[in-house]
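For reference, the structure discussed in these notes is given below.
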Amino acid sequence: MPAADQNTPAPEESEGGLLRDILFSFRKRCPVCRKGQLFSSFLEIAETCETCGAKLGDHDIGDGAVVFFIFLLGFSLIPMTWVLDIKFSLPIWGHVLFVGAAGGAIIFFLMPAVKAYIILLEFRHLRRPGDK
């Protein structure tokens with residue numbers, strides 16, 4: 001078994017289970033060293049990690065996280081709208097305001113974590129030439 005270099009995460013850090021990985025993705029850190037920033041702006045992946053030098057920009061997943069997230073939002077916001085209509089009989093503008101604000105807040109807070117989680121999985125399972 002080859003010796004691990006300083007940029008390879010320890011086994012207990014890299015394979016901590018689903019809950020640990022999800023909680024880590026909310027920190028938006030480099031999946032290699034777990035210290036550097038993953039994003040250079042809101043949803044833009046940094047080219048390299050400023051701590052370990054890992055090439056993060058090569059692993060930009062594009063719209064994969066967005067498509068996954070749209071399906072999750074659709075399955076949660078549509079039933080919520082239906083329940084609001086049955087319980088409170090809101091006018092259409094009430095639905096637009098409430099569900100629009102709820103959807104926007106969910107996207108703002110969860111989209112970076114979803115993208116970070118998918119990149120974490122890609123780093124763990126899909127190594128590319130030149131990765132550390």
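Between SER41 and ALA102, take the C-beta separation as r, use R0 = 22 Å, and let me know the FRET efficiency to the nearest 0.05. Kindly include the intermediate steps, with their values, before the conclusion.
Values: r = 24 Å, r/R0 = 1.11.
Taking R0 as 22 Å, the efficiency between SER41 and ALA102 is 0.35.
For the stretch 24-125, the share of alpha carbon pairs falling in successive 5 Å distance bins from zero is 2, 12, 20, 19, 12, 10, 8, 7, 5, 3, 1 percent. Sparsely packed loop sites in the stretch 36-99 (the chymotrypsin sites (Phe, Trp or Tyr not before Pro) outside DSSP H, G, I, E and B with at most 16 other Cβ atoms within 10 Å) comprise PHE42. The local environment of PHE26, defined by Cβ-Cβ distances under 12 Å, has a net charge of +4 under the rule Lys, Arg +1 and Asp, Glu -1.
All of the numbers you see were taken from the coordinates with simple rules; none came from a lab. Just so we're clear, the structure is a prediction, and the values are computed from it rather than from any experiment. No Cβ is skipped: glycine too gets one built from the backbone with ideal geometry, and neighbour counts run over all protein chains shown.
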